[in-house]
Amino acid sequence: MAALGASPRVRTPVAPTLGRGLARPAAIAVAMGTVASMSSRFLSLAGTLLLARLLSPLDFGVANVGAFLLMVFLPLTDVGIARVLMRAQAADLQKRARTAFWMIAALGATLYTILFLTADALATIYRNQAIGATLRVVGISIVLYSVSRIPSALLERDLRQGRKAVPDVAASFAYAIAAVALAYLHFGYWSIVIATVARSAVLSAGLFWMAGWGPALTFDLTAAQELITYARMLAATSMLRLVYTNVDNAIVGAVLGVRALGYYAIAYNLGNLAAIQVAGALGAVLYPAYTRMLPDLDRVRQAALRMLRYVGLLILPLTTIGVLVTPAAVPLILGSKWNALTTALQVLLVYGCLHTLGPIYWSLLMARDDNAVNLRINLVSLVAALATAVPVASRYGITGVAIEFTLLEFLRLASMAWAVRSRLNLSLALQWQALVPAIAGSLLTGTTVLALAALYRPKNIVALAAEVFIGAAVYAGYLFGTGLLTAPDAVRAARRLTHRAA
């Protein structure tokens, strides 16, 4: 990272080879981001499973208050400013990037100050005073995240997902090691809090290194005004989506207590594990890719259908297997103390599946400057959630909240699909056809897993893993047998990923 006041070292961005269009480099970038993200999430998953053995639901509940507040505060440090860089011309890129850096850093410091001053009041809402101290510590991640947004955006702009993912993997490794070590030493909820800050520090430093970029003591008022003008609608849309996405955690904790929040937090994190991996890569890649394809709507339509098909082929069978093995997996992997979250986890796996498909649509609407559509969908979703979540939580507990938000997510996805239909002339029939192969394969895989479970209920992790492996093997056979995937395709994809990583 360049020192402040010094001229930042800047590597010349390498534009992706377009070939016949941006769909292929976008798909490769998504694949690179997904593969690297899977490595990162595998480390996070391993850490979470070990922590579930070492910590109590109450520990997870206390720590998760800070976690879901970070999920709201971190993206607010950007408010759409970094995304505007996707549209910047090469000649203006550095000037806008340096100005945006100081704007986002100042906003991050402001948000951390607000969290620091209101921490005790938030702890009172959750009836646990320990939360106040944890919020003041975990809030340091807000500042660390804010200063890393510009190098991250520059990597996304050039579809360099492989380089962008390296710090994410390193950060997840740091989190897992720190959290498990501290939990083993009986630090309780502090193990998660301290490890979260460590992850943010590693991620921020790594992004600066991989981008080869550093800030300078320059600030352009004209560029700042342009960034704010373009970012306003993106900011409003993002804020509503963030509040909606995290309001379930807030309501569960406030209505049902911190222990119930611990159960819901684990169920939510595991249920959205695949969604976070794939959706994060999609959101980072598809927006700049769609932006470059426009105004060629035919290319955009073809790319959207192709991504819908490929993402469906990945996420639908994973969801099917996950839902079916959850009742056996929870006591075997997490321990019997977590049995209360089983049904909620099954429902939230479906939520995660729907959430994964969302970026294919909202990135497209953003690229076309149809942000008002996203804004209306997010606003209606938030109003519906706020109007119903408290009575649902009070009467039906965490399972009721999981069902409610899964239904809302389905309605959100359907609304975006309808909006894309009318604005891009992309019929619902074509969208459905793109998902049919994945649905058929998931039904076959699900039937296999159900039959195996009926014959033998797994009594240990090895037997459970064997059933999952057989189900995955059946699905792989379906892909090769139907021609959806061929051996040469697999070899070429592996070579492209290796070349891209290099």
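Label sites at Ala106 and Ser56, each approximated as a point 7 angstrom past Cα along Cα to Cβ, lie 4.6 nm apart. Computed on the Cα atoms alone, the convex hull of segment 271-412 gives a volume of 99 cubic angstrom per residue. In the distance distribution for segment 288-349, Cα-Cα pairs more than 20 Å apart total 50 percent.
Using 1/(1 + (r/R0)^6) with R0 = 45 angstrom and r between the beta carbons of Leu297 and Met71, what's the FRET efficiency to the nearest 0.05? For R0 = 45 Å, the calculated efficiency reads 0.85. Note on Lys95: lysines with a C-alpha under 23 Å away, same-chain residues under 8 apart excluded, are Lys164. Using only the Cα atoms of segment 344-499, build the gyration tensor, take square roots of its eigenvalues as a ≥ b ≥ c, and label the shape rounded, prolate or oblate: rounded if a/c is under 1.5, else prolate if a/b is larger than b/c, else oblate. It comes out oblate by the Cα gyration axes. Peptide packing: for 250-262, 105-117, the average count of neighbouring Cβ atoms within 10 Å per residue gives the ranking 250-262, 105-117, highest mean first. Check cross-link reach from Lys459 to the lysines: straight Cα distance under 28 Å, and skip same-chain residues fewer than eight apart. Lys459 reaches Lys337. Calculated FRET efficiency, Leu117 to Ala440, Cβ-Cβ distance, R0 = 51 Å: about 0.40 to the nearest 0.05.
Read-outs: derived from the displayed coordinates by stated rules, not from any lab. Computed from a predicted structure; not experimentally measured. Cβ: placed from backbone, ideal geometry, glycine included. Neighbour counts: every protein chain shown.
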